[in-house]
Amino acid sequence: MSRHIPWRGRALLSFAVLAAAVYLVLTATPRLGLDLRGGTQLVLETHDSPTVVADAESTDRTLEILRRRVDALGVAEPNLHRSGERRIVVELPDVRDPAEAAEVIGRTAALTFHPVVLDGGTALTAEGGEPIRVGPAALDGSGVANARSGRDPNGVGRVVSVEFQDGGGRAWEKLTAEAACAPVGDPRRRVAIVLDDEVISSPQVDPSIACGVGMLGGATDITGRFTQAEATDLALLINAGALPVPVEIVEQRTVGPTLGAEAIDVSARAAVIGLALVSLFLIAVYRLAGLVAVFALAGYTAVSYAALVAIGATLTLPGLAGFVLAIGMAVDATVLAYERAREEYKGNLPRAADRGFRGALSAVVDSNVTTLLAAGLLFWLASGPVRGFGVTLTIGVLASMFTSLVLTRVLAHLAMTRAAPRLSGLAHEGRVRRWIRGRDTGFLADPKRWLVGAGAAVLVALAGLVFVGPRLGVEFTGGRLFEYTTEASVEQVRDAVAAAGFADAVVQESGDGVSVRTEPLDEAGADRVAGAVASLGPADEVRDEKVGPSLGAELRDKALLALGLAVAAQLVYLAIRFDWRLGLATVLALAQDVLLLLGIFAWFGKTMDGVFLAALLTVIGYSVNDTVVVFDRVRELRGRRPFAHVVGDAVLQTLPRTVNTGIGVLFVLGALLVLGDGSLSDFALALLLGLVIGTFSTIVTAGPVAILLDRRWPGAGRRAPVRREREGSGAVV
């Protein structure tokens, strides 16, 4: 992409993007999540309908539909869980209009289509207060595939376009065919569209429609002089589906942040220290080029943050930690280009820098495209925090590509034009490259030996998952919710509950009291929580309920589906870009990384919660990225040598990039691990383990698997030869 843009054009593009980013950073206000700012809490209670009893099962179905409505409202990172058997707690961060959110969330949204009758039937009220009688419903919301709002082509206002599915189109055709038999102007020629026993539209069948024919096409428009907001909310309700049982909002209150101010300050301090260490490391290793990378990473930070603020993304502490980690991982593309420039240096610094970025282009693009495939599928198919992770990941990847392919390249070109070779950072090999010179490239010649070790590690991990079992967080298992009125502060209650042995408990301000949400507890555990709160002074328990998981079965199934399709899409892409053998080896190494991380957390009894889920998804992205970098070099080096030597050579040639990128990310994670608080330190631990596992899996799993596949089906890595420039000319061979 950037290969064909002159450097002055890239400079202008960089300036324009950075100027826009700085403007947004200075003028826009970020939306903070429940953990950082708190938000609005709605407590809904389900009631029996004429056909469905309000019990735990129907309440769980209602919760999933409410989750879809909240997602459609544009509320990112909400928290929904069942409390007791018939109550649902909905927590919304930084909602601009809580009253509107409550109205949309609390509607049953039962959509039905009826014939209009003159006698009998059910008396309803049409738009404008006009009475209207309708017959039995001929079609309900289950026959609707999709709804979207738009402008009314025949007048002012908005309409909602509805597309039917399954038998809905035939039912609509039959309903309008019967209505068309009435004369024009007769009320019976109208069709009543009813939402929650209220007629929202009663259009007349067009005079051109003959009796017994009906309206074809499988779609219709709902008109009713809607405003834009009303049409948008109606489409939202139709798409999310009707609630199986009606709900009533019994409480609405403001809740405080789930994390204390001290925890937030400590984590922010850890992030700043980690980034400072990364900057110092880059300058120490790459000198002037490292200073350029630091400025480029500052630009990356501004662009990523501005993009998140511009789209209204909700920022949570794990999200911010992942954002900081993304800054550390953005180093990877720059390090890759710099190491390539060191290989290409022949006395001309600007030419070496330019060739370094050109040589790294294919690896950068391939690794980022595979990550974007996963991020896109997570966004389109998943929901809740997994979908939010897809948004953050997409923005981070796009900003990283801009930084590495445009901004850093411009700054490096300007710096290397006037730099002295000794200070440039690109005119010497570096310690790692000197160490690998002359090393035997045949160390992977016996791939089965490496795979035996990898297989043993996987068996140990599986043993942990089977015999010890994963310790799932309250988001997955549900738990117990206590609420107290006390004069003690939230910070004091949080410290007391943690000292009682419940460090993972979520403690936050709730109305005029304090709520404590824990994992499932017996009565002895509940007494310990109550005793911890009572030790701070007089306290009255006003609520003690069992709560369901906030990451329910539907969200889990969608996340697994999205993840499975993402891995399949990556396999297809890598098979096209590289070779199916290399693609399969990448996916197998990825599966190993996931199993090892799960197994380690199981053996050590670490909690696998929503924060761990975000870490696991990040590890998957890093694992694929690391393997793609090595296999890109395999594709370039493939020739007449034995394939095992080609893979070994690729591992050694990319080792400087692997070491320097790993150390850079390690500084960020180490600071978060040592100085971070609570679940954030577990988040950093998971990422740190994933970093190490992902790096080694490329060598001990992906490489050996590719070698074995090549021996069974020769030809790995022979597709899509990389274009290399001939020394001293601009010719491409």
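Listed by position, the strands (runs of 3 or more DSSP E) contained in region 432-542 that have at least 2 residues being under 36 Å from the mean Cα position of the chain (by Cα) and of a type in the set (Val, Ile, Thr) are 506-510, 513-518. Out of region 443-456, which residues are open to solvent by less than 40 Å² (accessible area, probe 1.4 Å) and in contact (Cβ under 8 Å) with a residue 24 or more places away in the chain? Hits for region 443-456 are 444, 447, 454. Checking the stated criteria, residue 423 turns out not to satisfy the condition of being open to solvent by 30 Å² or more (accessible area, probe 1.4 Å) and within 25 Å of residue 611 (Cβ to Cβ). Condition (residue is free of Cβ contacts under 8 Å to residues at least 12 places away in the same chain, over 18 Å from residue 110 (Cα atoms) and among the acidic types (Asp, Glu)) applied to region 49-62: is it met by at least one residue? The answer is yes; a qualifying residue exists.
Looking at region 273-292, which of its residues are surrounded by 22 or more Cβ atoms within 10 Å (Cβ to Cβ) and under 27 Å from the mean Cα position of the chain (by Cα)? Within region 273-292, 274, 278 qualify.
Conditions: (1) more than 25 Å from residue 275 (Cβ to Cβ); (2) open to solvent by 10 Å² or more (accessible area, probe 1.4 Å); (3) among the aliphatic types (A, V, I, L, M). Residue 616 meets all but one. Number of the miss? All conditions are met except number (1). Annotation for region 352-375: no member residue is modelled with pLDDT under 85, within 25 Å of residue 29 (Cβ to Cβ) and in a helix (DSSP H, G or I).
A quick yes/no check of all residues on (1) without any contact (Cβ under 8 Å) to a residue 40 or more places away in the chain; (2) more than 24 Å from residue 79 (Cα to Cα); (3) hydroxyl-bearing (Ser, Thr, Tyr); (4) surrounded by fewer than 20 Cβ atoms within 10 Å (Cβ to Cβ):
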position: 498; (1), (2), (3), (4): yes, no, no, yes
position: 506; (1), (2), (3), (4): no, no, no, no
position: 510; (1), (2), (3), (4): no, no, yes, no
position: 540; (1), (2), (3), (4): no, yes, no, yes
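Within region 109-123, the set of residues being at pLDDT 85 or above and either surrounded by 19 or more Cβ atoms within 10 Å (Cβ to Cβ) or under 49 Å from the mean Cα position of the chain (by Cα) (or both) comprises 112, 113, 114, 115, 116, 122, 123.
Would you say residue 605 is surrounded by fewer than 21 Cβ atoms within 10 Å (Cβ to Cβ), in contact with a strand residue (DSSP E or B) (Cβ under 8 Å, 6 or more places away or on another chain) and within 28 Å of residue 463 (Cα to Cα)? Judged against the criteria, residue 605 is a match. For the residues 140, 206, 196, the requirement of being under 22 Å from residue 69 (Cβ atoms), open to solvent by 30 Å² or more (accessible area, probe 1.4 Å) and out of contact with any strand residue (DSSP E or B) (no Cβ under 8 Å at 6 or more places or on another chain) singles out 196. Screening residue 232 with (1) open to solvent by 50 Å² or more (accessible area, probe 1.4 Å); (2) free of Cβ contacts under 8 Å to residues at least 24 places away in the same chain; (3) not hydrophobic (A, V, I, L, M, F, W, C) gives one miss only, at (2). Among the numbered conditions (1) touching a residue at least 12 places away in the same chain (Cβ under 8 Å); (2) under 28 Å from residue 634 (Cβ atoms); (3) open to solvent by 60 Å² or more (accessible area, probe 1.4 Å); (4) not acidic (Asp, Glu), the only one that residue 387 does not meet is (2). For region 68-86, the set of residues classified as crowded, with 22+ Cβ neighbours inside 10 Å and either in a helix (DSSP H, G or I) or modelled with pLDDT under 80 (or both) consists of 69, 70, 75, 76, 77, listed by residue number.
The values are calculated or read from the model by the stated rules, or taken from the named source; none is laboratory data. These numbers come from a predicted model, not from an experiment. Virtual Cβ from ideal backbone geometry, glycine too; neighbours counted across all protein chains shown. Side chains are part of the model used for accessible areas, which takes the heavy atoms of the whole protein and leaves out ligands, DNA and RNA. Shrake-Rupley method; radii C 1.70, N 1.55, O 1.52, S 1.80 Å.
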